[in-house]
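The structure under discussion appears below in the form of C-alpha cells.
The values are calculated or read from the model by the stated rules, or taken from the named source; none is laboratory data. Everything numeric here is computed off the predicted structure, so don't read it as measured data. For neighbour counting, all protein chains shown are included, and Cβ atoms are generated from backbone atoms with ideal geometry for every residue, glycine included. SASA here: full protein model, heavy atoms, side chains in, ligands and nucleic acids out. Shrake-Rupley method; radii C 1.70, N 1.55, O 1.52, S 1.80 Å.
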Amino acid sequence: MEVVVPFSPTDPKTRLSGVLSAAERREFAGVMLEDVLDALSRTRGVPEPSVLSTVSLDRDLDVDVVVDDRALTPAVNDVLASSTEPVAVVMADLALATPTALRRLFASDADVVLAPGRRVGTNALVARHPEFRVDYHGASFVDHREAAAQVGATLSVVDSHRLATDVDEPGDLAEVLAHGAGAAADWLRDRGFALGERADGSVHAVRHDE
Ligand SMILES: Nc1nc2c(ncn2[C@@H]2O[C@H](COP(=O)(O)OP(=O)(O)OP(=O)(O)O)[C@@H](O)[C@H]2O)c(=O)[nH]1
Ligand SMILES: C[C@H](OP(=O)(O)O)C(=O)O
C-alpha cells in the first residue's frame, strides 16, 4: 500500500479568507497536515505516508515529500498509474481524523474505498483497481463512484463524521473546536476562536480579540 497526502501550501484554504489572514491560512493548513500525518502514523498497519506537495516544504515533517506542481487530479492520477501497489489518498485538511476513523478506510478490501466529504467531495480513498482514476473537485464523490462502476471495481463507502469533515469553510471551524483533539483545535483556540451561539440557536466559531 502506498499512502499519499496531497498538499498545496501556496495559497491554501481560500474559503477561510473571511476569518483568517493569508499568513494564518498557510499556518493553519500546515498544522492540519501535521494532524493528519500524526493520525496516520498512529494507525496500526498503515505504511508511512508521503506528502504530495505542489512545492518543496520548509517544515520538517519526518516523512517523504514528493513535489509535483501539477493540479491535484493529474498529480494523483500519476501516482495511481505508476504505482504497482494499492494507493490510499488522504487529504491534508481532515483535522478530525483519528486512527479509529482511518482504520475503517483501510479495513475494507474493496477495489475502491471512498470516504465522502460533507459537501460531496472525496476526503479519502483507497484504490486497488489498476484502471481507477480520480477527478477531484465538484461532486467528486459521485464522480468517483461512477468511475469505480465504469471500470468494474467493487466499491465500499466509509460513513464517518471524522473523515467527512474537511475544513474548508468558516462553519467547519466549529467542528474542529467541538471534536478536534489535535494541533488544529489548539491552534484555533490560541488565536482566539471559541464556540459561540447565534440568536437563532446556530453554533459557530467566534473569534474573540487577542
Ligand atoms: N498536490 C496537490 N494538492 C492539492 C492541490 N490543491 C489542493 N490540494 C490539497 O488537496 C486537499 C483538498 O484541497 P481543497 O480543499 O480542495 O483546496 P484548498 O486549497 O485546501 O482550499 P480552497 O482554497 O478553499 O479550495 C488539501 O489537502 C489540499 O492541500 C494541488 O493542486 N496539488
Ligand atoms: C479535492 C476536493 O476537495 P473540496 O474542494 O471538495 O474540498 C474534492 O473532494 O473533490
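Can you give the FRET efficiency for Arg103 and His204, using 1/(1 + (r/R0)^6), R0 = 22 Å, r = Cβ-Cβ distance, to the nearest 0.05? E between Arg103 and His204, to the nearest 0.05, is 0.10.
Net charge around Val36, counting only other residues with Cβ within less than 12 Å of its Cβ (Lys, Arg = +1; Asp, Glu = -1)? Numbers along the way, then the final one.
Values: positive: Arg42, Arg162; negative: Glu34, Asp35, Asp38, Asp93, Asp166.
Summing Lys and Arg as +1 and Asp and Glu as -1 gives -3.
Helix 170-179 axis versus longest C-alpha principal axis of the chain: approximately 90°, rounded to the nearest ten.
When the helix-only estimate is applied to the chain (DSSP H runs of n ≥ 4, each -39,500 (n - 2.57), divided by the residue count), what is the mean residue ellipticity at 222 nm, nearest 500 deg cm²/dmol?
Details: 7 runs with 73 residues, N = 210.
Calculated at 222 nm, the ellipticity per residue is -10500 deg cm²/dmol.
A simple packing score, the average count of other Cβ atoms within 10 Å per residue, orders the peptides 85-93, 18-26 as 85-93, 18-26, with the highest score first.
Across the chain, C-alpha contacts under 8 Å between residues 6 or more apart give a mean separation that, scaled by the residue count, equals a relative contact order of 20 percent. Helix 140-150 and the long axis of the chain differ in direction by around 10°, with both axes built from C-alpha atoms.
Other residues lying with their Cβ under 11 Å from the Cβ of Asp78 contribute a combined charge of +1, Lys and Arg counting +1, Asp and Glu -1. Which percent, nearest 5, of DSSP beta bridges in the chain are antiparallel? Counting DSSP beta bridges with both partners in the chain, the antiparallel share is about 50 percent. As an equivalent ellipsoid, the chain spans semi-axes of 29, 19, 16 angstrom, where each value is the square root of five times an eigenvalue of the C-alpha gyration tensor, largest first.
Could you tell me what percent of the accessible area of segment 126-193 is made up of carbon and sulfur, with a 1.4 Å probe and every protein chain present? Of all accessible area on segment 126-193, carbon and sulfur atoms account for 46 percent.
On a per residue basis, the chain carries 47 Å² of accessible surface, using protein heavy atoms and a 1.4 Å probe. Per-residue packing, averaged as other Cβ atoms within 10 Å, sorts the ranges 35-46, 148-159, 192-203 into the order 35-46, 148-159, 192-203, beginning with the highest.
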